[in-house]
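The values are calculated or read from the model by the stated rules, or taken from the named source; none is laboratory data. From a predicted model like this one, the values you see are computed outputs, not experimental measurements. Ideal geometry is used to build each Cβ from the backbone, glycine not excepted, and the neighbour counts take in all protein chains shown. Note: accessible area is taken over every heavy atom of the protein model, side chains too, but ligands, DNA and RNA are not part of it. Shrake-Rupley method; radii C 1.70, N 1.55, O 1.52, S 1.80 Å.
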Amino acid sequence: MRGLAGIAGISVPDNGNCNPFESSDVVSSLDLQKAVFRHMGFTGIWKKIIGDPEEPFHVMIYGPGGKGKSTFSIKFATYLSKHLNRNVLYIADEEKISSKLKEKLQLFDAYNKNLAVTGKMPKSLKNYEVVFIDSVTSMGMEPEELEGIQEQYPNTCFIYILQTNKQGSFYGKKKWEHLCDVVLRFEAGTVKVDKNRFGKVGEYEVR
């Protein structure tokens, strides 16, 4: 009956998800008016760049090496885990579990009980609310593979990082962009918001 939610007095059940409705639901406008959607509660620079997304949200980050993608991502993971109390997994496929990764976590005071790190994709992501994949390029992932993972964990937020070629374009298919709500492009000292369902597009300095 979920496809008839809100029609002819049919009540909308609580499905336990962040979003009270399924994509296939036909929803009364009155039920939509009363619906409560869960937002992340972003503040500061994160709200300025991204906005205040609903859960779950998906972010794509790309740019050439050494321009701050991983640094930004670790800061973001720290904010989500330490300040917003989300269970976060950071998959560091490029750096693995190494002294370099340890130094980065220490530099940004990232250590906290809600942040876990690994060097490869685990068998299950069910314990995590936010998953960072650094990077899908180094892991050899295709958009269809990530799409399948997102469908398997529909309430999980994914932030995935792509490398770029010499021309500044990210490796892989344009479909990557269609899997996300926000696209962040890194250049020297700046992040450019190319796509954003939750706020404005634009350019911001990052440090």
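With the structure loaded, tell me whether Phe158 is at pLDDT 85 or above, over 20 Å from Phe37 (Cβ atoms), in a strand (DSSP E or B) and open to solvent by less than 30 Å² (accessible area, probe 1.4 Å) or whether it fails that test.
On the way: at pLDDT 85 or above: yes; over 20 Å from Phe37 (Cβ atoms): no; in a strand (DSSP E or B): yes; open to solvent by less than 30 Å² (accessible area, probe 1.4 Å): yes.
Considered against the rule, which asks whether it is at pLDDT 85 or above, over 20 Å from Phe37 (Cβ atoms), in a strand (DSSP E or B) and open to solvent by less than 30 Å² (accessible area, probe 1.4 Å), Phe158 comes out as no.
Residues in segment 33-51 that are open to solvent by 50 Å² or more (accessible area, probe 1.4 Å) and at pLDDT 80 or above: Gln33, Lys34, Arg38, His39, Thr43, Gly44, Ile45, Lys47, Lys48. Scanning segment 62-91 for residues that are surrounded by 18 or more Cβ atoms within 10 Å (Cβ to Cβ), at pLDDT 95 or above and not in a helix (DSSP H, G or I) yields Arg86, Val88, Leu89, Tyr90, Ile91.
Which of the residues that make up segment 33-52 are on the phi > 0 side of the Ramachandran plot and part of a helix (DSSP H, G or I)?
Residues of segment 33-52 that are on the phi > 0 side of the Ramachandran plot, as a first pass: 41, 44, 51.
Once the filter is applied, which keeps residues that are on the phi > 0 side of the Ramachandran plot and part of a helix (DSSP H, G or I), segment 33-52 yields only Gly44.
If you take the residues in segment 184-207 that are touching a helix residue (DSSP H, G or I) at 6+ places or on another chain (Cβ under 7 Å), under 11 Å from Gly63 (Cβ atoms) and in a strand (DSSP E or B), which one is modelled with the lowest pLDDT? Among residues in segment 184-207 that are touching a helix residue (DSSP H, G or I) at 6+ places or on another chain (Cβ under 7 Å), under 11 Å from Gly63 (Cβ atoms) and in a strand (DSSP E or B), the one modelled with the lowest pLDDT is Phe186.
Would you be able to say whether some residue in segment 116-134 is of a type outside the set (Ser, Thr, Tyr) and either touching a Gly at 6+ places or on another chain (Cβ under 8 Å) or at positive phi (or both)? Working first, answer last.
Here is the first cut: in segment 116-134, the residues of a type outside the set (Ser, Thr, Tyr) are 116-117, 119-123, 125-127, 129-134.
Next, only the ones that are either touching a Gly at 6+ places or on another chain (Cβ under 8 Å) or at positive phi (or both) stay: none.
No, the conditions are met nowhere in segment 116-134.
Considering the conditions (1) under 19 Å from Glu205 (Cα atoms); (2) assigned to a loop (DSSP other than H, G, I, E, B); (3) not polar (S, T, N, Q), Val27 is excluded by exactly one of them, (1).
Within segment 76-102, residues that are over 16 Å from Ser135 (Cα atoms) reach partners that are of a type in the set (Phe, Trp, Tyr) and in a helix (DSSP H, G or I) with beta carbons closer than 8 Å, at six or more positions or on different chains, in the pairs Tyr79/Trp46. When each of Gly148, Gly140 is tested for being part of a helix (DSSP H, G or I), small (Gly, Ala, Ser) and without any contact (Cβ under 8 Å) to a residue 60 or more places away in the chain, the lone residue that passes is Gly148.
The residue of segment 196-206 that is nearest to Ile45 (Cα to Cα), among those that are open to solvent by 40 Å² or more (accessible area, probe 1.4 Å) and without any contact (Cβ under 8 Å) to a residue 60 or more places away in the chain, is Glu205.
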